[in-house]
Amino acid sequence: MKQLHIVGAGGFGRECHAWASQHPDCGKAWVLAGFLDDNPEALRPFGDFAPVRPLAGHRPKADDLYLCGLGMPALKEKLIAPLVAAGARFLTFVHPRAHLGARVTIGRGSVVCPGAVLSADITLGEFVLVNLNSTIGHDATLGDWTSLSAQCDVTGHVRIADRVFLGSRATIIPEKTVGSRSIVGAGAVVVTHVPAGVTVVGIPARVL
Ligand SMILES: CC(C)(COP(=O)(O)OP(=O)(O)OC[C@H]1O[C@@H](n2cnc3c(N)ncnc32)[C@H](O)[C@@H]1OP(=O)(O)O)[C@@H](O)C(=O)NCCC(=O)NCCS
């Protein structure tokens, strides 16, 4: 049986452990092996409910599978890219209570959480996160390492580049673009194109 390791034993990693335990493949295609995290105490306040093994020096084996339990784009890339280079095989994880429409392409290592809705003709890159109850409309694209927090509203024809972070309840109106490595604050409503490398907040969203 394949052993599924969750990378990151923080808050989102613990959520991923719960979501993975609810997946129909759990106990059939793979079993939950625990977490990879360099803080051995990470689960102490939570009753040490699963093993925490060090990430530093970890070497993937043939029976190992991995799930990205990290939310922030820069941290994801920093910790996950070396594992991928070492041969780690990452699950592309779609929770059974997420809803996928038609012609939705989801890149390797991406995580789609409960309640997320991805309608039609959508492309997600690699290691993208779509958190709880976020919706993605037709013809939208999201680049590698990008993360949507809970309840985001990405509407039709929106193009979000790589390594972008959307805070909770961020909204992007149709056909707008968000540039590489930008951050959209919680609750922001994006009504104009967002350049690369900026933080925008508010309604309408303005560069901070
Ligand atoms: C946008 C964000 C990244 C900015 O963080 P920051 O750079 O540390 O900014 P600060 O907290 O120093 O705030 C700077 C200013 O922006 C304002 N601001 C910050 N976030 C804002 C938001 N989401 N909407 C409106 N204004 C915001 C602050 O009030 C402050 O205003 P001031 O200068 O007039 O006092 C952050 O506030 C945010 O919204 N993060 C998203 C968090 C989230 O949703 N996480 C998901 C769950 S894990």
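The values are calculated or read from the model by the stated rules, or taken from the named source; none is laboratory data. Everything numeric here is computed off the predicted structure, so don't read it as measured data. Methodologically, a virtual Cβ is constructed for each residue, glycine included, from the backbone with ideal geometry; neighbour enumeration extends over all protein chains shown. SASA here: full protein model, heavy atoms, side chains in, ligands and nucleic acids out. Shrake-Rupley method; radii C 1.70, N 1.55, O 1.52, S 1.80 Å.
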Order the following by accessible area, largest value first: I122, I106. Probe radius 1.4 Å; ligands, DNA and RNA are ignored. I106, I122
Taking every pair of alpha-carbon atoms in the chain, what share in percent sits in each 10 Å bin, from 0 to the bin with the longest distance? 9, 36, 34, 17, 4, 0
Heavy atoms only, 1.4 Å probe, whole protein assembly: order W19, W30 by accessible area, highest first. W19, W30
Cβ-Cβ FRET estimate between R206 and M1, R0 fixed at 35 Å, reported to 0.05: 0.10
3J(HN,Hα) from dihedral phi, segment 140-157, Karplus parametrisation 6.51/-1.76/1.60, rounded to Hz, x for glycine, proline: 7, 10, 10, x, 4, 6, 6, 10, 9, 6, 5, 6, 6, 10, 9, 8, x, 6
Provide, as a two-decimal number, the C-alpha radius of gyration of segment 2-91 over 2.2 N^0.38 Å, N being how many residues it has. 1.00
Which parts of segment 156-176 would a label at A120 reach, counting a residue when its backbone N lies under 16 Å from a point 7 Å out along Cα-to-Cβ? 156-158
Can you list residues from other chains, or at least 5 along the same chain, whose modelled amide H is less than 5 Å from the amide H of V94? V112
With +1 on the Cβ of every Lys and Arg and -1 on the Cβ of every Asp and Glu, the dipole magnitude of the chain about its Cα centre, in debye rounded to the nearest 20, is 80 debye
As an exercise, use a Förster radius of 22 Å and the Cβ-Cβ distance of A56 and A18 to find the FRET efficiency, rounded to the nearest 0.05. 0.30
How many angstrom lie between the C-alpha centres of segment 153-203 and segment 36-100? 27 Å
Segment 82-129 - percent relative contact order, Cα under 8 Å, separation 6 or more: 36 percent
Percent of alpha carbon pairs in segment 92-208 separated by more than 22 Å? 19 percent
With an 8 Å cut-off on Cα pairs and a minimum separation of 6 or more residues, tell me the relative contact order of segment 55-152 in percent. 21 percent
Cα-based Lys pair tally, the chain, threshold under 29 Å, eight or more apart or on separate chains: 10
Quick one: compute the contact order of segment 1-123, relative version, from alpha carbon pairs under 8 angstrom and 6+ residues apart, as a percent. 25 percent
Among P174, G143, V200, which residue has its Cα positioned farthest towards the positive end of the charge dipole of segment 94-200, with +1 placed on the Cβ of Lys and Arg, -1 on the Cβ of Asp and Glu, and the dipole taken about the Cα centre? V200
